[in-house]
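Inspection log for the structure reproduced underneath, given as structure tokens.
The values are calculated or read from the model by the stated rules, or taken from the named source; none is laboratory data. Keep in mind that this is a model prediction, so the values were computed, not measured. So basically every Cβ, Gly included, is an ideal-geometry build from the backbone, and we count neighbours across all protein chains shown. Surface accessibility is based on the protein's heavy atoms, side chains included, excluding ligands, DNA and RNA. Shrake-Rupley method; radii C 1.70, N 1.55, O 1.52, S 1.80 Å.
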Amino acid sequence: MASFYRDGSRKGYRAQVCVGGVKRQLWLGPVSKSQARSVCSHLDQLNLARDTGTIAPAETRRWVSSISPRIRNRLAAWGLVSGASAAKRLPGTIGAFSQHYIESRDDWEPSTAKRMRNVRQHMIAQLGTDTALAAVTPGQAEEFARWCRSSFDSRSHSGKIIGDVRHFFRT
């Protein structure tokens, strides 16, 4: 059975579910207690459908189609939702993903979108357009950070670029 708890260090809720005998945790963010309870209910339905080989209820399937790509991909990695449909929602290469992400953010100010397009160019210049998101290693990330620190005169400027690149990968 899925449960949730308040994560005081991050000021939000975290759901916990046992999938195939392995305890999994999902960061929900700053949601209300009733929203966290609802997510756990859907996680239970998905887990039950997985274990019994049946189809999840229609309400849970609608919920899955409306959740963020970050959560959907996590559920796909756990085997609770189909990975093929998750792949349709989220491009797999750095170039395609970053372009899709920037275009999808209609809540950004124009200056923020311009800054993120600039950051995207730096990221692509170092990592390549066709590099798979899953193929980026911590070593490559550290190499990119070293490149930023040596390429830009200001430590604060390179720090902002590194932080913005992290933003892409947190999605």
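Of all residues in the range 145-170, those satisfying the criterion of being within 21 Å of the chain's Cα centre (by Cα), at pLDDT below 90 and either open to solvent by 40 Å² or more (accessible area, probe 1.4 Å) or among the hydroxyl-bearing types (S, T, Y) (or both) are R166, H167, F169, R170.
Results for (1) touching a Cys at 6+ places or on another chain (Cβ under 9 Å); (2) outside any loop (DSSP other than H, G, I, E, B), shown as yes or no for each residue.
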{"position": "R24", "(1), (2)": "yes, yes"}
{"position": "V31", "(1), (2)": "no, no"}
{"position": "R50", "(1), (2)": "no, yes"}
{"position": "V64", "(1), (2)": "no, yes"}
{"position": "N73", "(1), (2)": "no, yes"}
{"position": "A77", "(1), (2)": "no, yes"}
{"position": "P91", "(1), (2)": "no, no"}
{"position": "E103", "(1), (2)": "no, yes"}
{"position": "D107", "(1), (2)": "no, no"}
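For the range 40-75, which residues satisfy the criterion of being of a type in the set (S, T, Y) and either farther than 17 Å from S3 by Cβ or in contact (Cβ under 8 Å) with a residue 40 or more places away in the chain (or both)? T52, T54, T60, S65, S66, S68 - these are the residues of the range 40-75 that are of a type in the set (S, T, Y) and either farther than 17 Å from S3 by Cβ or in contact (Cβ under 8 Å) with a residue 40 or more places away in the chain (or both). Just so you know, in the range 86-135 the residues that are touching a strand residue (DSSP E or B) at 6+ places or on another chain (Cβ under 8 Å) and more than 24 Å from S151 (Cα to Cα) include one that is surrounded by the fewest Cβ atoms within 10 Å (Cβ to Cβ), and it is A132.
On the basis of being within 17 Å of the chain's Cα centre (by Cα) and under 14 Å from V81 (Cα atoms), does I55 make the cut? No; evaluated as a whole, the condition is false for this residue.
Of the residues S111, S98, S150, which is part of a helix (DSSP H, G or I), in contact (Cβ under 8 Å) with a residue 60 or more places away in the chain, over 26 Å from A15 (Cβ atoms) and among the polar types (S, T, N, Q)? Give the derivation first.
Details: S111 fails: in contact (Cβ under 8 Å) with a residue 60 or more places away in the chain; S150 fails: in contact (Cβ under 8 Å) with a residue 60 or more places away in the chain.
When all the criteria are applied, what remains is S98.
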